[in-house]
Amino acid sequence: MAQSSTLEMENSPSMERTEHVDGITPRRRRVQPLPYLLLVPATAALVLMLGYPIVRLLTLSLQEFGLKQQFGAAADWVGLRNFREILHDPEFWAVLRRTIAFCAVNVVLTISLGMAVALLLQRLGKGMRLMTMIGLMLAWSMPALTSTVIWQWIFDTQYGIANWVLGRQGQSWLSNPLTFYFVATIIVVWMGIPFVAFTLYAGLTQIPEERMEAAAIDGAGAWQRFRDIVVPALKPILLILTSLSVLWDFRVFTQVYVLQRAGGITRDTNVLGVYAYRISIGANQFDKGAAVAIVMVGITLLVTVFYLRSMTRQEEL
Amino acid sequence: MRIIRVAAGLAALTMAMAACGDDSKSSSATNAPAPAATTAAPAATDAAATPTTVADTTPAPIVGGTGEGGELRLWLNGGDTPDDFVKFAIGEFNKTHPDVKVTFERQQWTGIVEKLTTALSSSDSPDIIELGNTQAQAFEAAGALEDLTAQKAALGGDDLLQSLVEAGTYNGKFYGVPYYAGARVVLYRKDLFEKSGIAIPTTIDELMAAATKLKADNASTPNFSGMYLPGKNWFAALPFIWVNGGDIAVQDGGSWKGVLDSDQAVQGLTEYQKFVEQTSGAPKDGDDSKDYLAFCNGEVGMMPAPGWKPGQIINKDDGCPAMEANIGAFAMPGLTTGTTSPAFLGGSNLAVSAKSKNPELANELLKILVSKDYQKQFADQGTVPALKSLLGDITGSDAATAQAKAAQNSRFVPSSENWAAVEASNILPDMLVAISGGADVKTEAAKADAAIEQILNG
């Protein structure tokens, strides 16, 4: 929440300044210190929390930086060598493709299942709705690490309840990349649905009853009403939810990392976040890891810009 | 519609926060491995998983001294050093330094390289750390550790185990003091051997026959393993490679060359694959962190394990003390009767962080940790102590005597400052998981060779 107030505060001084520019006496044009003073804590926090790491990341990616440099040796500047190296590494492209595919599947599943749950919430009776909401809240509030560990035990090769229920003793879910991602997808989607469902449900309650009724009287079926009334009405929310999910699922770390520890082949299941971590912290190539992270931040920014633009265009219409 | 706009606006704000939140998210990601390790590590160390001063079972933290004369933080890993040992060491230390506060923090082996990389370079570095002998060179080369060359004589000198001294030495300087060692042995169920009428195998062929017979005789137990070989346990696969004349990598001129795809290594790995396919019921992509549970569940006939494993099997918390009488051990046999397969020599070195604020005090504590009185405790529990003069004192179980025998023919991973990165990249576990799943040995070995060469020649 601190961040949102920052955004509001950033606007205020510029607005005031326009007032002053239009003001009459030149004296009043003098800068009032208070707004800037109020800005200082938030700006400082932003610079510290966001600015410093990004600058550090950029420098790292342009240097040669390994374990020796971490412990005090001088770091040489190598220009774009780290980027050249990762971009020429077929493994990087394999990981990138994998990450994008994983992200796409998870976003589509999260949004469609979230939509389904939202529609369900709208039709449920009071008691059941409350029950469902509590269930969603619980899934939402569970830390990613905790839930991943629990899911991992559910799919454990020898002692997991999934194999017991399915009667498939010894089925190794994590050793095959496809089933590995199946388990990872379950965890990510399971944790992603509540937020999507709640937000869409809030949107659904704002669609006027009369319009739906009128459409029904005009002979529109359930699917037509959904396609032509519900979806357009919820479009802004859907756009934002999709972009949020893309951002979240693109950076997935905990779920994949923990599952890799439990089983599976690391080389075949890395996604971008885990890959960057393994290169930098695991293999002590902080420079190349930083380059991967920069590429990742770049892609994330592109997605953000794209969706913010399509949203503002939406508003203008 | 307005409210939808507002909702969308709110969501947009959330998104801005999410974008700004990158930093907190990534920092939590960096923290993730520490708790994540909890899941993969043996449960004996689980209770003390978090880096607190809380010990295994006793609620009282192991802390000594008042703190007026300075503080020391001691990190030891895994369950190899029982709490009583540490209490003894801190007690001894506080006799001469009552005003120095010593805090003991137990760490996990899983993910320790990553953790030390961050901890040793931070201002909040622990003073004394324990390093696996395969990991020590990387930190020595990086300048993360205090040079102890001048103290070597006082720290045990020529009495120290030679192979561990080598792991603790880089460029002629001494950084890592040998702490303890252990050669891997084969644990077996005495009662199941008796029931099936099997004698202790004296060759690898007999080992195969024994594992196969055990598996057949216990077919009614689900997941039963004649030989328990989870895919990620690469320590178990190395003897197969070595006994056939193969190796992981060799130095060729100035650079390293991966030789896992040599005929000898491939033969060993193929033999290993046969063991996995025909006799193992362990998860083909699992690690050895749950093997003691499988042993307690009666699902294991034999399993390769370090010498301290019986202690974990009979631990009171989640082990099975009743199993004690049934645990036997022998050194893994070689190709012909009377020989053993080269065993992986594990072990630890202790080191002082270059960032330690009290290196002199840390040295004093180090001296106690490698003193005869302290090291004698390792010999008494069946662990190979760091002092050669105590090797004859190794007493106790079958595992201890088997270990002493196995240690006579033991090998080690390539001695390179980059080896720790090879371990951190999971290259060998990846190869073995694939091989355990039935993949072509030569292809997987060649893949691993390429990856290892890339890192070792960094």
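Every read-out reported here was derived from the displayed coordinates using simple, explicitly stated rules and does not represent laboratory data. These numbers come from a predicted model, not from an experiment. Cβ atoms come from the backbone with ideal geometry, glycine included; neighbour counts cover every protein chain shown.
General observations
- Inter-site label distance for residue A:78 and residue B:391 at 7 Å from Cα along Cβ, in nm: 4.3 nm
- Across region B:140-250 the C-alpha pair distances fall into 10 Å bins from zero in the proportions 11, 28, 23, 18, 15, 5, 0 percent.
- Semi-axis lengths (Å, descending) of the ellipsoid that matches the C-alpha gyration tensor of region A:129-242: 39, 16, 13
- In summary, the aspartates and glutamates within cross-link reach of residue B:87, defined as a Cα separation below 18 angstrom excluding same-chain residues under 8 places away, comprise B:56, B:71, B:99, B:105, B:127, B:130, B:364, B:373, B:380.
- All C-alpha to C-alpha distances of the protein assembly as shown, sorted into 10 Å bins beginning at zero, yield P(r) values of 2, 12, 20, 22, 18, 12, 7, 4, 1, 0, 0 percent in whole numbers.
- Extension reserve of the residue A:222-residue A:137 stretch, reckoned as 0.36 nm per residue once the Cα distance is removed: 27.7 nm
- Set A:68/B:173; B:115/B:405; B:195/B:316 screened for pairs whose C-alpha atoms are more than 24 Å apart: B:115/B:405; B:195/B:316
- When you filter the chymotrypsin sites (Phe, Trp or Tyr not before Pro) in region B:375-454 for DSSP loop state and at most 10 other Cβ atoms inside 10 Å of their Cβ, nothing is left.
- Förster radius 22 Å - calculated FRET efficiency between residue A:178 and residue A:91 (Cβ-Cβ, nearest 0.05): 0.70
- Here region A:95-184 yields Rg over Rh of 1.05, to two decimals, using C-alpha coordinates and the Kirkwood radius.
- Of the two radii for region B:373-412, the radius of gyration is 0.96 times the Kirkwood radius, both from the alpha carbons; that is the Rg over Rh value.
- Across B:190/B:442; B:215/B:309; B:101/B:152, pairs whose alpha-carbon gap is larger than 31 Å: B:190/B:442
- Note on the protein assembly as shown: with charges restricted to the Cβ of Lys and Arg (+1) and Asp and Glu (-1), its dipole about the Cα centre is near 2080 debye.
- Equivalent ellipsoid, region B:280-337 (semi-axes from 5 times Cα gyration tensor eigenvalues, Å): 20, 16, 10
- Three principal axis extents of region A:83-316 based on alpha-carbon atoms, in descending order, are 64, 50, 27 Å.
- For the pair region B:214-267 and region A:233-305, the centres of their Cα atoms are 34 angstrom apart.
- Region B:395-445-region A:51-76 distance, computed between alpha-carbon centres (Å): 33 Å
- Counting every alpha-carbon pair across region A:22-181, the share separated by more than 26 Å comes to 67%.
- Considering only alpha-carbon pairs that sit under 8 angstrom and 6 or more positions apart, the relative contact order computed for chain A is 25 percent.
- Candidates A:141, A:292, A:184 compared by Cα position along the dipole of region A:83-316: farthest toward the positive end lies A:184, with charges placed on Cβ.
- Antiparallel %, DSSP beta bridges [both residues in the protein assembly as shown], to 5: 75 percent
- Summing Cβ point charges (Lys, Arg +1; Asp, Glu -1) relative to the Cα centre of region B:132-254 gives a dipole of roughly 540 debye.
- Euclidean distance between Cα centres, region B:132-175 to region B:187-212, Å: 40 Å
- With the convex hull drawn around the C-alpha atoms of region A:131-173, the volume per residue stands at 77 Å³.
- For region B:290-399, the C-alpha radius of gyration sits at 1.35 times the compact-globule guess of 2.2 N^0.38 Å, with N the residue count.
- Cross-link partners of residue B:284 among aspartates and glutamates, defined as those whose alpha carbon lies under 14 angstrom from its own and excluding same-chain residues fewer than eight positions apart: A:156, B:430.
- The calculated pair-distance distribution of region B:244-341 uses every alpha carbon pair, bins of 5 angstrom beginning at 0, and gives 2, 10, 16, 17, 17, 14, 11, 7, 4, 2, 0 percent.
- Magnitude of the charge dipole, region A:166-263, Cβ model with Lys/Arg +1 and Asp/Glu -1, debye to 20: 520 debye
- Here the convex hull built on the C-alpha positions of chain B has a volume of 192 cubic angstrom per residue.
- In order along region A:111-123, the phi-based Karplus estimate (6.51 cos²θ - 1.76 cosθ + 1.60, θ = phi - 60°) of 3J(HN,Hα) comes to 5, 5, 5, x, 4, 4, 5, 4, 4, 5, 4, 5, 9 Hz; Gly and Pro are listed as x.
- Compactness ratio for region B:164-226: Cα radius of gyration over 2.2 N^0.38 Å (N = residue count) comes to 1.84.
- Sorting B:303, A:212 by the number of Cβ atoms found within 10 Å of their own Cβ, with the fewest placed first, yields A:212, B:303.
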